[in-house]
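Please read the structure below before turning to the comments.
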Protein chains: 2
Amino acid sequence: MLELRLVQGSLLKKVMESIKDLVNDANFDCSATGFSLQAMDSSHVALVALLLRSEGFEHYRCDRNISMGMNLNNMAKMLKCAGNDDIITLKADDGSDTVTFMFESPTQDKIADFEMKLMDIDSEHLGIPEAEYHAIVRMPSSEFSRICKDLSSIGDTVVISVTKEGVRFSTRGDIGTANVVCRQNTTVDKPEEATIIEMNEPVSLTFALRYMNSFTKATPLSNTVTISLSSELPVVVEYKIAEMGYIRFYLAPKIEEDDEETKP
Amino acid sequence: MLELRLVQGSLLKKVMESIKDLVNDANFDCSATGFSLQAMDSSHVALVALLLRSEGFEHYRCDRNISMGMNLNNMAKMLKCAGNDDIITLKADDGSDTVTFMFESPTQDKIADFEMKLMDIDSEHLGIPEAEYHAIVRMPSSEFSRICKDLSSIGDTVVISVTKEGVRFSTRGDIGTANVVCRQNTTVDKPEEATIIEMNEPVSLTFALRYMNSFTKATPLSNTVTISLSSELPVVVEYKIAEMGYIRFYLAPKIEEDDEETKP
DNA sequence: ATCAACTCTA
DNA sequence: TAGAGTTGAT
């Protein structure tokens, strides 16, 4: 028996909106610890890791560890039917091949339940080692989103370079080049507007903007984003989910081939 | 000679927006009583009945009963040219085959007139008998609209069931099932937020969501909607138009075939 | 593939 | 408050 009650249902709605375009089907894993997911994107290039800790739920009952395979698009469709102020309860009976989403309006006048079939998914649960990163950038998530969107109108890839002075996002395309530099800046009115750079070693890595733009769908989940970079390691783009956990996106850097686009 | 002056011109704009997708051509009937329309939708499944009483107009002159055939899409196009605060006057000379819409801006600085050709339409004016309904539900129009929209992302038809406790909207589709229950609730701050159920007999009827979603285009006309149900009778979905009349949509229930989707 | 609705930004 | 872009539905 599984029963998870989340008062701030909009969180789950936002979480689904931020991964459903990246991943088609995935297993949600429930344990006493919390509700989590780990999945590769459909082209096996990026990885999403989600954690919603049990403490963040108003009620969390998970009698035994369970893995539920869901089509994320269908799940997102159903969650769209929940109001933003609704309380969302997720239920599954032992041995059942369905999951039920229950939505309660704040006034309790409207109660909706949506039942969805579960599916069997071959999951390849990767252990993600904790790593030391050469540089960690924390900045406003909206700013990062804007930069990725802007750069993708010029080129397909972004070079992220971190020095002590700041972080530089660069791209190059047929119509020209673009560079956006964000200086370290901790003297702002609100802490979430700060840009903070922790750097052990300068790094410069190239990534496909297509994926970055997909990751920034998680922007509504948090005011800030953390970008952790090391040469030879996948970048981690993390959005903290208040009181509950995080959503992390991993993406391997492109091996820079300067002449990739200019080959005959 | 016909001359109808409507100070709150936005009403007419909203009325047109709410029927133009359902009905292509229709006759508007003018008499001393008011301005009315009755028309079947293009696939002859649903029926719209509109009444704008003469008392609701600032000036209402209709020398003799007249029926004017109009293409509703074209009429809507012209009305879109009126500002939301404009005063709209509708004029037609006796024997003329055109109608003129005049729009006056609130400041009288702008006066526009649009002339449109009338058309001959075979109208089948159905007498709609007043009927006793097993159940009448009054609820916020926005909520009804939201429910129809949500359910149509899951299935094609909605089962509306009324009991003393409340009204249930259910659907079923490839990805799962959905139920939304609205409880009777008269203890709200504003009367237009109430959900009121008058029930003589429980009913449960099935309708095509496509039409329901078309009806809910009238939501801007009223804060509340009234749904009148009887077995074997078309449902009536009514939006009252303040001080003037109503727009009513009629839709025959689907005969429930439980095995419709499971036939070999 | 096209059209309409919603959200976010300027 | 208006426009544009994006997203979803038919």
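Going from the fewest other Cβ atoms within 10 Å to the most, the residues B:Asp85, B:Asp120 appear in the order B:Asp120, B:Asp85.
If you take the square roots of the eigenvalues of the alpha-carbon gyration tensor of the range A:135-223 and sort them as a ≥ b ≥ c, do you get rounded (a/c under 1.5), prolate (a/b over b/c) or oblate?
Details: a/c = 1.91, a/b = 1.30, b/c = 1.47.
It comes out oblate by the Cα gyration axes.
Karplus-derived 3J(HN,Hα) values for the range A:106-123, using 6.51 cos²θ - 1.76 cosθ + 1.60 with θ = phi - 60°, are x, 8, 6, 7, 10, 10, 10, 10, 10, 10, 10, 6, 8, 9, 8, 10, 6, 9 Hz; glycine and proline are entered as x.
Taking a ≥ b ≥ c as the square roots of the eigenvalues of the alpha-carbon gyration tensor, chain B is classed prolate because a/c is 1.5 or more and a/b outweighs b/c. In this simple spin-label model, placing a label point 7 Å from the Cα along the Cα-to-Cβ direction at both A:Ile175 and B:Glu132 gives a separation of 7.0 nm. For A:Thr163, the amide hydrogen comes within under 5 Å of the amide hydrogens of A:Arg168, counting only partners 5 or more places away or on other chains and with H modelled in the peptide plane.
The distance between label points at A:Asn65 and B:Arg53 comes to 7.0 nm (points 7 Å beyond Cα on the Cα→Cβ vector). What is the angle, in °, between the Cα long axis of helix A:141-152 and the longest principal axis of the Cα atoms in chain A? Nearest 10 is fine, range 0 to 90. It is inclined by approximately 60 degrees.
Taking each residue of A:104-111 in turn, how many C-beta atoms of other protein chains fall within 10 Å of its C-beta, and what is the average?
Values: counts 0, 4, 0, 5, 2, 14, 11, 7.
Taking all residues of A:104-111 together, the mean is 5.
Could you give the nm distance between label points at A:Ala252 and B:Ala112, where each point is 7 Å from its Cα heading toward the beta carbon? Simple spin-label model gives 5.9 nm for this pair.
Just from its helices, what would the mean residue ellipticity at 222 nm be for chain B, if runs of 4 or more DSSP H residues each count -39500 (n - 2.57) and the sum is divided by every residue, rounded to the nearest 500 deg cm²/dmol? Kindly include the intermediate steps, with their values, before the conclusion.
On the way: 4 runs with 39 residues, N = 264.
-4500 deg cm²/dmol, from helical runs alone.
When A:Arg183, B:Arg53 are arranged by Cβ crowding within 10 Å, least crowded first, meaning fewest neighbours, the order is A:Arg183, B:Arg53. In terms of other Cβ atoms within 10 Å, A:Arg146, B:Arg172 run from fewest to most in the order A:Arg146, B:Arg172.
How high is the relative contact order of the range B:2-117, given as a whole-number percent (alpha carbon pairs under 8 Å, six or more residues apart)? Let's see the in-between values first.
Values: 231 pairs, mean separation 35.5, N = 116.
Worked out over the range B:2-117, it gives 31 percent.
Between B:Glu198 and B:Ile121, the FRET efficiency estimated from the beta carbon spacing at R0 = 25 angstrom works out to 0.10. Angle, helix B:9-19 long axis vs. longest principal axis of chain B, Cα atoms, 0 to 90°, nearest 10? Approximately 50 degrees, to the nearest ten.
Might you report the magnitude of the Cβ-based charge dipole of chain B about its Cα centre, with Lys and Arg at +1 and Asp and Glu at -1, to the nearest 20 debye?
Details: 26 positive and 42 negative charges, 125 e Å.
Taking the Cα centre of chain B as origin, the dipole is about 600 debye.
When the protein assembly as shown is described by a simple charge dipole with +1 on each Lys and Arg Cβ and -1 on each Asp and Glu Cβ, the residue from B:Asn185, B:Ala26, B:Pro106 located farthest towards its positive end is B:Pro106. Counting, for every residue in B:153-159, the Cβ atoms of other protein chains within 10 Å of its Cβ and taking the mean gives 2.
Each value in this text was obtained by applying a stated rule to the coordinates, not by laboratory testing. No experiment lies behind these values; they were computed from the predicted model shown. With ideal geometry, Cβ positions are generated from the backbone for all residues, glycine too; neighbour counts draw on all protein chains shown.
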